[in-house]
Amino acid sequence: MAAESSAAAGMRKAPSMEWRWVSAGEEEDDELEGRGAGGPAAVGAAGRGGSFESESEEDNGEYEDEDEEQREARQRLIRTVPTVDWFDVEGNEVSGAQPLEDPEQFDFGRTVFLALQTLAVVFGDIGISPLYTFDVMFNKYPILEEEDVLGALSLVLYTLILMPLVKYVLVVLWANDDGEGGIFAMYSLICRNAKVSLIPNQVQAPPEKRMSSFRLKLPTDELERSIKVKEKLESSLMMKKLLLGLVLFGTAMFISNGVITPAMSVLSAVSGLKVGIPKASQDVVVMISIALLIVLYSLQRYATSKIGFIVGPCLLIWFCCLGGIGICNLSRYGSGAFKAFNPLYIFYYFGRNPFQAWLSLAGCLLCATGSEAIFSNLCHFPVRFVQFMFVLLVLPCLVLAYLGQAAFLIASEKTPEHIFFASIPGNAFWPVFLLANLAALIASRTMTIAIFQCLKQSISLGCFPRLKIVHTSRKFMAKIYIPVVNWFLLASCLGFILLFRSTSDVGNAYAIAELGVMIMATVYVTLIMLLIWETNIIKVISFLITFLSLELIFFSSALSSVGDGGWALLVFASGLVMIMFIWNYGTKLKYDSELKQKLSRDLMRKLGPNLGTMRAPGLGLVYSEIVTGVPAIFGHFLTALPAIHSIIVFVCVRNVPVPAVPQSERFLFQRVCTRGYHMFRCIARYGYKDKKQEHHNTFERLLIEGLEKFIQREAVELSLQSEDDVDSDEEPSTPGQIITAPNGSMYSLDAPLLVDFTPSVDTIPETPSCSTPQDPGLDYTQNLELELAFIKQAKESGAVYLIDNPIVKARKDSWFFKKLIINYFFAFLRNNCRRAIVSMSIPHSNLLQVRLTSYV
């Protein structure tokens, strides 16, 4: 009947029917687990938990012949809906947002634009690898004969084929999270398909999205294996902690990789000056590199939007230049380098000098640097487009470049110091030198953009302190700039250059960072294959054994050079891991403490509409980071203040992934308790280009206008529902079950945040601040006029902003390291990070901040 009534209303947005069978005793455990992990409580079609005793009378008839024991066992099974708070979900959706363009529609101009943007954003890092790969390799393995060159070239060619092409371009790119790439995107994808998240207040994807791509799954071995993997992950706290620890480690290594990339790329490019001008010293090379990096990071904000449009053609010219130099050298020195496609030369390479060949593996991997950047910078580029660009342009040009360098080395009597620049034909040296430096700066920019994206994902998932993020484009959300991170990367990069001063030492650290990210990516893609893709087990094992074994072999070679420069990167990455761990740990304890201290529904019932105190005319805006329930700080206001405002609005600020939210859709409202309480919940939504420092008068005016429209449309729906429910045995819907956006879009919650409670007239004293208790028999128009007049009176009395600035401290009986982490490290990070609450020009007379200390 409830479903029929909902359909009859015609104005509801019903939740999707995605069910699973659990035992009756597990329902409460699942609900509590969803809250404890930061997820909202379940909201279903038949109330909280969405349980059904039976689907129909016909279904009951099927079990008439069962004995009592079988009937009891069957009755312990219930159906539950996904644990989704629909008010929280709708807070992330804006109906006015324009959909993305259909990638299937072919447009020549758009295709050319995407091609140039893909080169500039995705392939900049890997395109610069020919500058230093052979230099680092032959620094460990001196060239004695032609077979040494062919063996090294064969290693490079098959590393290019296996790592960037097979692993990343053909497999890992498909593990994106709605177009977002990177290690955090894969972790988020896994968390949405299994309850393994240890991140507080993470909102699950709406089930409508999953239902839109629903497909019938027949029982197969892969499906059964996927269910077992999911159950194992969800039931093991150790596995959840391991997954989170791996993603933090992988992120730290990726950021370290982004620090090393500019140092290695620019230093290698500027080092070509010693070939053109033999008398140039290394100090001159270092100073020029530092100057270029300072210019690069100073222009980084503009490079993300404006200058980014012209770097695409530069990269296209650079890749064509690589291929052209390779073809020129092959025609000039012979085509003997093509013999390296025979993998037997790899065995000859190791057979001649096994130990030195093993040491040179770290340098060989540098040909695949930028593979992770291909995935991290995927952003809004279609996967197929990135794959075609790599196969048709990037990979052939890189292969030709390495073949040309190998042909030059075979024909040379001695090994030059800078192989790439030495192999350039004399007349083209200076143009190629300038182009190489420009390509090195673009490669540095590519990794910086990838770090911005990675940190944005980690901040949104609560694993990194909140920072100021500037969106530099209204058309592309992925184009962002983080000022603090930009200058931190510059300082770190300059530190590495001044510390090592040579490409060989920087290359040792470079390989460690790249391999750390690659290993984490292999682990997570394997898990995605088992859990989400349901891939054949033979393919999964082949992928895991092939790439993990190769990466561990490369990693062992890179670790052998820890004393030559790798130690600095490991120290740097360890510091980043500690920052992310401390922030995640402290944030989770803080959020769990806020959930435990929320005011209970029973307490709100006992307090009554007057909330146990005086209700003075006025509007009280209580800011809170939690979306569900009544925050604990409100209880503090009730006990500490002599009176509370006649209208209370719990405001939660939410950033949504659209450029701008129309003013008519800025606010979503929902009642807390019954009409007589005059308490509302509000989600204030902002796009990434919206100005959040709006004047408080403007904010109040828009909020009150939205609240009035919500009440008006609520009255309309209640009047319609009262007509439909006259002959129904069920209770009529209550205001707490309706979500109404000010633009007219109306949504339905099938369970209120607080169970509806209508106090009797005798228990409620008549005060000017309270309206008449809700009575289904009263005229809805009269109630509407009374409540609108009540809001107008509160508006004239003014608004007060009640903001909580909580302090988290460890209990006195906590262990020493917990006190150190929470009381000092986490407190320092929280005091110096960006506040989640939107900042407005609020007069001090209208602002009340409270520091409530929570002991965890």
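Suppose the chain between Leu498 and Val295 were pulled fully straight at 0.36 nm per residue; how much longer would it get relative to their current alpha carbon spacing? Show your work: numbers first, answer last.
Values: separation 203, 0.36 × 203 = 73.08 nm, distance 1.70 nm.
Contour length minus the Cα-Cα distance gives 71.4 nm.
Within the set Lys228/Lys539; Lys479/Lys588; Lys195/Lys479; Lys606/Lys819; Lys228/Lys456, which residue pairs have Cα atoms separated by over 27 Å?
On the way: Lys228/Lys539 18 Å; Lys479/Lys588 29 Å; Lys195/Lys479 31 Å; Lys606/Lys819 37 Å; Lys228/Lys456 32 Å.
With Cα atoms farther than 27 Å apart: Lys479/Lys588; Lys195/Lys479; Lys606/Lys819; Lys228/Lys456.
Can you put Val391, Val149, Val470 in order, fewest other beta carbons within 10 Å first?
Numbers: Val391 13, Val149 27, Val470 16.
Result, fewest neighbours first: Val391, Val470, Val149.
Using the number of other C-beta atoms within 10 angstrom as an exposure proxy, rank Ile538, Ile143 with the fewest first.
Values: Ile538 8, Ile143 17.
With the fewest neighbours first, Ile538, Ile143 line up as Ile538, Ile143.
May I ask you to list the residues of the range 345-366 whose amide nitrogen lies under 15 Å from a point 7 Å from Cα along the Cα→beta-carbon direction of Ile161?
345-347
Find how much the distance from Val571 to Asn427 grows on full extension, using 0.36 nm per residue of separation minus their present alpha carbon separation; answer in nm with one decimal. The partial results should precede the final answer.
Values: separation 144, 0.36 × 144 = 51.84 nm, distance 4.44 nm.
Using 0.36 nm per residue and subtracting the Cα-Cα distance, I get 47.4 nm.
Along the Cα→Cβ direction, 7 angstrom out, place labels at Ser542 and Cys320. What is the inter-label distance in nm?
Spacing of the two 7 Å Cα→Cβ label points: 3.9 nm.
Determine, from the Cβ-Cβ distance of Thr613 and Lys232 and an R0 of 60 Å, the FRET efficiency 1/(1 + (r/R0)^6), rounded to the nearest 0.05.
Values: r = 51 Å, r/R0 = 0.85.
About 0.75, to the nearest 0.05.
Given labels modelled 7 Å from the Cα in the Cβ direction, how far is it in nm from Ser664 to Tyr585?
With each label placed 7 Å out from Cα toward Cβ, I get 5.1 nm.
For the pair Leu552/Ile277, report the inter-label distance in nm, with labels modelled 7 Å from Cα in the Cβ direction.
Each label point lies 7 Å from its Cα, and together they span 5.0 nm.
Lys pairs in the range 230-315, Cα-Cα under 28 Å, at least 8 apart or on separate chains: how many? All intermediate terms of the calculation are to be shown ahead of the outcome.
Working: Lys230/Lys240; Lys230/Lys241; Lys232/Lys240; Lys232/Lys241.
Step by step, the pairs that qualify in the range 230-315 add up to 4.
Using the Kirkwood radius over C-alpha pairs as Rh, can you work out the diffusion coefficient of the range 439-544 via Stokes-Einstein at 37 °C, viscosity 0.692 mPa s, in µm² per second? Spell out each step's value before the answer.
Values: Rh = 16.8 Å.
Result for D is 196 µm²/s.
Please work out the FRET efficiency for the pair Lys809 and Asn193, using the Cβ-Cβ distance as r and a Förster radius of 30 Å; give the result to the nearest 0.05.
Details: r = 36 Å, r/R0 = 1.21.
After rounding, the FRET efficiency stands at 0.25.
For Phe650, list long-range residues whose amide hydrogen, built 1.01 Å from N in the peptide plane, is under 5 Å from its own amide hydrogen.
HN-HN under 5 Å from Phe650: Val622, Phe680, Arg681, Cys682.
What Kirkwood hydrodynamic radius, in Å, does the range 315-433 give when the mean of 1/r is taken over all pairs of distinct Cα atoms and then inverted? Present the calculation step by step, with values, prior to reporting the outcome.
Numbers: mean 1/r = 0.0616 Å⁻¹.
The Cα-based Kirkwood calculation yields 16.2 Å.
Order by neighbour count: Leu786, Leu150, fewest other Cβ atoms within 10 Å first, most last. Walk me through the intermediate numbers first.
Numbers: Leu786 14, Leu150 25.
Ranking Leu786, Leu150 by Cβ neighbours within 10 Å, fewest first, gives Leu786, Leu150.
Readers should treat all values here as calculations from the given coordinates under stated rules, not as data from a laboratory. Everything numeric in this text was worked out from a predicted model, so none of it was measured. When we count neighbours, we look across all protein chains shown, and the Cβ atoms used for this are built from the backbone with ideal geometry, even at glycine.
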